[in-house]
Amino acid sequence: MQRKLAAILSADIVGYGQLMERDEAGALARVRSVLTSIVEPSVSAYSGRIVKLMGDGALVEFASVVAAVQCAIDIQTAMAKVDADLPDAHRLRYRIGVNLGDVIIQDDDIFGEGVNVAARLQALAPPGGLALSRTVREQIAGKVAVAFDDMGEHAMKNSERPVHVFAARFGGADVEAASAPSDRVSICVLPFSNMSGDPEQEYFSDGVTEDIITDLSRISALAVVSRSTAFTFKGKAVEVGKAARQLGVNYVLEGSVRRAGNRVRISAQLIDGKADNHIWAERYDRDLNDIFALQTEISEAIVAALKLKLLPNEREALEHRSSIDPAAYKLYLMARHYMWSPSRRHLELVARICRRAVEIEENYAAAWALLALSLLRLQESADDDEARLAAERAVELDPKLADGHAALAVRHALSGDFENAIAAHNRALQLDPDSTQAHRVAGRTYQMMHRYREAVHHYAKASQLGNDFASALQVQCLLNLGEKAEARAVALRAMEGIEKIVAGFNDDGMVLANGATMLITLGEVERARDWAERAMLLDPENTTMLYNLACNFVDLGETDIALDCLEQAMRRASHELVRWAATDTDFDAIRAHPRFIAITEAAAARFLGAPAPRKRAKKKEDGA
């Protein structure tokens, strides 16, 4: 049985039975006409696949949820003009529902809860309107020009939990007011190709792309597609016009980077997505020492080509480049490249590379912040002096650096100072609303506080921005909220990233442990058990991994193995991890077990001189 995550559009004609009673032949002809003139061309334009037509309805599959919603809007906008001179009772109007979920593939058909929910959403949509699940609403926010009306939670047939439904409004003045990106020029920066002839230089071309995305994101007149969405096109032959329609953007920037020694050549082309023609192109050959000025020049050239106006603070932000040593910059890009991975080995590389970068350039705030974040993820302890000093140094050097405040927030959270942690998170996200690291660590803090709804929001944003490990954490929070279907959908997405890592490096215990968690959520118990056992053999001294494996084995009902893992983890656990175990809902099933009590009390005594609390702390209400 093959499964996958897909965006599903379900459409149905309003009052089709009455239309057929009045004029059967005429109704059939009119429905067929709108299918061939409106529905099929719209689906094709957004790279969708019509799975089946059902008389007056259609089931359509998309790889992109943005494409699915944009297609639905185009269909409904066109349908509003059909039979406009007829009374409402005689007009053809669709109800459309869009869901993102797990589907089962059989031959050319699709089944499963993802399809069932889409059909239920379609039934809830107003005539001529569009109903979305909350997952869809979160994925398209800021990317599609719609406003949302909260329709509350609705029971779903054969589902254990209700689905939170939103009606989408589009095409009116209220939408323009509610959707800030709708009056901005939208652009996607495709990953620049590495033309250096050396695959090891991939980190450099990716880093240049990410910095250009960051620069353009600071310009209020531009709506920039996230790094994670843009990088789904990496290594693929891209038809720019098709990609622009799929993403719903006005313009696409593509290019290449060639680095040889201390020289760098960057070529860039700005393409009108609708007309599919070049409106600006340039090639730059510079010394690597000029890399910062070069990135600024590219961003300013794009602004000029689009005839946009830069605000004074935006121009200052683009032109303000520190005189960082190029050798340190190269190292920073390399470290940032590894930071996307959930692998413990890669985190250790990040810390090692950042230490070298700050040796070369002691005033490099971004490298200090990345060092702090990597160390805090490795140690999960507020007592790490190197991490503390690195975070403080980053903020001292650059008070406007989001990652520096994010690192400080982690330290506060790990020491139990949640008030200052949240203040630091808010400051980080105020400085950079699209900071992947800031969202990931904010999610972690809210998870520690049992404020799972807020944690899900930040993990979803971090995942959307490219952090696959955030999806695994998001699954844990969704399960704590009892939202099993959404947890499965996220787990499927997380496994795609995890399996790619495992395919290249299948000896990383932490990655295998994360995969085991996702597989348990997906119901693949035997495979989960295999991954967990391999992880334990490969990395028997990884405290965080052993702790996560203990949680996994509890879910599998393997109490003895779970306690073995927990005992090993608690022998080396930090104070923060011991406190976490005392309230972790994953252990509720074994909390009264005598061995669990003995393990946690012995661990707590190492730090507190007293037993850990035996009863789980009262869970705070969501949003408290």
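Taking 8 Å as the Cα distance limit and 6 or more residues as the minimum spacing, I'd like the relative contact order of the chain as a percentage.
Numbers: 1138 pairs, mean separation 48.0, N = 624.
About 8 percent, as a whole number.
Calculate, in nm to one decimal, what A221 and N262 gain on full extension: separation in residues at 0.36 nm each, minus their alpha carbon distance.
Values: separation 41, 0.36 × 41 = 14.76 nm, distance 3.47 nm.
Extra length available between A221 and N262 comes to 11.3 nm.
Rank these for me by crowding, I8, I597, going from fewest to most other beta carbons within 10 Å.
Values: I8 29, I597 15.
The fewest-first ordering by Cβ neighbours comes to I597, I8.
State, to one decimal in nm, how far the label point of E21 lies from the label point of A592, with both points 7 Å from Cα in the Cβ direction.
Each label point is offset 7 Å from its Cα along the Cβ direction, giving 6.0 nm.
Multiply the residue gap between M54 and D285 by 0.36 nm, knock off their C-alpha separation, and tell me the result in nm, one decimal place. Write out the running numbers ahead of the final one.
Numbers: separation 231, 0.36 × 231 = 83.16 nm, distance 5.78 nm.
Length gained between M54 and D285: 77.4 nm.
Would you mind ranking C354, C188, C551 by Cβ crowding within 10 Å, fewest neighbours first? It would help to have the intermediate numbers written out before the result.
On the way: C354 29, C188 26, C551 21.
Fewest-to-most ranking of C354, C188, C551: C551, C188, C354.
With each pseudo-label sitting 7 Å past Cα toward Cβ, what's the D276-E396 distance in nm, one decimal?
The answer from the label model is 5.7 nm.
Once each part is reduced to its C-alpha centroid, what is the distance from the range 351-425 to the range 1-25 in angstrom?
53 Å
Computed FRET efficiency, Cβ-Cβ of A293 and S44, R0 35 Å: what is it to the nearest 0.05?
After rounding to 0.05, the efficiency reads 0.20.
Would you mind giving the average projected area, over all directions, of the Cα convex hull of the range 2-181 in nm² with one decimal? Each step should come with its number before you reach the end.
Details: hull surface 42.5 nm².
Averaging across all directions leaves 10.6 nm² for the Cα convex hull.
Where the centroid of each part is defined by its Cα atoms, how far is the range 479-551 from the range 50-93 in Å?
Using only Cα atoms, the two centres lie 40 Å from each other.
Dividing the Cα radius of gyration by the Kirkwood radius, what Rg/Rh value follows for the range 184-321?
Numbers: Rg = 14.2 Å, Rh = 15.1 Å.
Using Cα coordinates only, the ratio equals 0.94.
Working out 0.36 nm times the residue gap between L308 and L28, then minus their Cα-Cα distance, what length gain in nm do you get to one decimal? Please report the intermediate quantities before stating the final value.
On the way: separation 280, 0.36 × 280 = 100.80 nm, distance 4.89 nm.
Additional length available on full extension: 95.9 nm.
For each pair in K4/K81; K81/K242; K81/K461; K4/K242, compute the distance between the two Cα atoms and list the pairs where it is over 31 Å.
Working: K4/K81 36 Å; K81/K242 26 Å; K81/K461 37 Å; K4/K242 23 Å.
Where the Cα-Cα span goes over 31 Å, the pairs concerned are K4/K81; K81/K461.
For the chain, with the dipole built from +1 on Lys and Arg beta-carbon atoms and -1 on Asp and Glu ones, taken about the Cα centre, which of V14, Q430, A462 lies farthest toward the positive end?
Highest projection toward the positive end goes to V14.
Looking at the range 43-83, which trypsin sites (Lys or Arg not before Pro) are DSSP coil and have at most 11 other C-beta atoms within 10 Å of their C-beta? Walk me through the intermediate numbers first.
Working: sites: R49, K52, K81; in loops: K81.
Filter output for the range 43-83: K81.
Using the Cα atoms as the points, what is the convex hull volume per residue of the chain in Å³?
On the way: hull volume 99.9 nm³, N = 624.
Cα-based convex hull of the chain, divided per residue, equals 160 Å³.
In what sequence do R336, R91 fall when counting other Cβ within 10 Å, fewest first? The partial results should precede the final answer.
Values: R336 22, R91 19.
Fewest-to-most ranking of R336, R91: R91, R336.
Based on DSSP H runs of at least 4 residues, each adding -39500 (n - 2.57), what is the mean residue ellipticity at 222 nm of the chain after dividing by all its residues, to the nearest 500 deg cm²/dmol? Spell out each step's value before the answer.
On the way: 28 runs with 339 residues, N = 624.
The helix contribution divided over the chain gives -17000 deg cm²/dmol.
Contact order normalised by length for the range 1-158, with contacts defined as Cα pairs under 8 Å and 6 or more residues apart; what percent is it? Let's see the in-between values first.
Values: 263 pairs, mean separation 46.6, N = 158.
In percent, rounded to a whole number, it is 29.
Computed from the coordinates by the stated procedures, all read-outs in this text should not be read as laboratory data. Predicted model only: the values in this text are computed from it and were never measured. Cβ coordinates were reconstructed from backbone atoms using ideal geometry, including for glycine residues, and neighbour counts include every protein chain displayed.
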